[in-house]
Amino acid sequence: MQALVAARFCQVAGQDAKARVDQARAGALRTFQSATHLAKERARSAFHNAVASAEFSGRVCLNLEHFRKLENERLNELLANSDLEAPVSEYPIKKTGAIDPVARAIGFNRREDYESSVLQVLEITAPSGTACAQ
């Protein structure tokens, strides 16, 4: 999506879309790397699910730190490959702030303008008869 929006923006502005997308991806990855709360939230959720499951099986000892460690390792593993799609598919991007550096790198002054352009690109590229959720 970044590449599509950047291509449209840069075509009008006469700029290099690939360079903008590279900057956007780097900024988004940096944001994910500093979003340690994502792993904590996911670990907490896994811990609560384990507690709920354990309630039916009797007494069980669970350690929240174990869940945090596993989730931190998982997030670090995803980020080690500099692959933005993997963490975006597993973690809520809106909780990272990653959209802001993407919008700025592509050339938008406001996140809302970038999001509006994404929706426009989705409307243009969606097959006829396909509904796109906002």
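Of all residues in the stretch 1-25 being aliphatic (A, V, I, L, M) and without any contact (Cβ under 8 Å) to a residue 12 or more places away in the chain, which is most open to solvent (accessible area, probe 1.4 Å)?
Residues of the stretch 1-25 aliphatic (A, V, I, L, M): 1, 3-7, 12-13, 17, 19, 21, 24.
Checking the rest, the ones that are also without any contact (Cβ under 8 Å) to a residue 12 or more places away in the chain come to 7, 12, 19.
Working: Ala7: 49, Val12: 131, Ala19: 40 Å².
Among those residues, the one meeting the criterion is Val12.
Return the residues of the stretch 69-112 that are of a type in the set (Asp, Glu), part of a helix (DSSP H, G or I) and surrounded by fewer than 16 Cβ atoms within 10 Å (Cβ to Cβ); say none if nothing qualifies.
Within the stretch 69-112, Glu73, Glu77, Glu85, Glu90, Glu112 meet the criteria.
Among all residue pairs at least 6 apart or on different chains, which show Cβ distances below 6 Å where the first residue, located in the stretch 70-86, is farther than 18 Å from Gly27 by Cα and touching a residue at least 24 places away in the same chain (Cβ under 8 Å) and the second is among the hydrophobic types (A, V, I, L, M, F, W, C) and assigned to a helix (DSSP H, G or I)?
These pairs meet every condition: Glu71/Ala39; Glu71/Ala43; Asn72/Ala39.
Does any residue of the stretch 60-68 turn out to be at pLDDT 80 or above and either assigned to a loop (DSSP other than H, G, I, E, B) or open to solvent by less than 90 Å² (accessible area, probe 1.4 Å) (or both)?
Yes - at least one qualifying residue is present in the stretch 60-68.
Could you tell me which numbered condition Leu29 fails, if it satisfies all but one of (1) of a type outside the set (Gly, Ala, Ser); (2) in contact with a Lys or Arg (Cβ under 8 Å, 6 or more places away or on another chain); (3) open to solvent by less than 30 Å² (accessible area, probe 1.4 Å)?
Unmet condition: (2).
Take the stretch 29-43 and flag every residue that is touching a Ser or Thr at 6+ places or on another chain (Cβ under 8 Å) and assigned to a helix (DSSP H, G or I). If you could, list the steps in order and put the result at the bottom.
Step one: list which residues in the stretch 29-43 are touching a Ser or Thr at 6+ places or on another chain (Cβ under 8 Å), which gives 29, 31-32, 35, 38.
Across the stretch 29-43, the qualifying residues are Leu29, Thr31, Phe32, Leu38.
For Gln2, work out the one condition from (1) within 30 Å of Asp113 (Cα to Cα); (2) out of contact with any helix residue (DSSP H, G or I) (no Cβ under 6 Å at 6 or more places or on another chain) it doesn't fulfil.
(2)
Within the stretch 9-42, count every residue that is within 12 Å of Lys95 (Cα to Cα) and either among the polar types (S, T, N, Q) or modelled with pLDDT of 85 or more (or both).
Count: 3.
Out of curiosity, is Leu70 in contact with an Asp or Glu (Cβ under 8 Å, 6 or more places away or on another chain) and more than 22 Å from Ala7 (Cβ to Cβ)?
Considered against the rule, which asks whether it is in contact with an Asp or Glu (Cβ under 8 Å, 6 or more places away or on another chain) and more than 22 Å from Ala7 (Cβ to Cβ), Leu70 comes out as no.
For Glu123, indicate whether it is at pLDDT 80 or above and assigned to a helix (DSSP H, G or I).
no
The values are calculated or read from the model by the stated rules, or taken from the named source; none is laboratory data. None of the values given here were measured: they were computed from a predicted structure. Every residue, glycine as well, gets a Cβ built from its backbone with ideal geometry; the counts of neighbours run over all protein chains shown. Areas reflect the complete protein model, heavy atoms only, side chains present, ligands, DNA and RNA absent. Shrake-Rupley method; radii C 1.70, N 1.55, O 1.52, S 1.80 Å.
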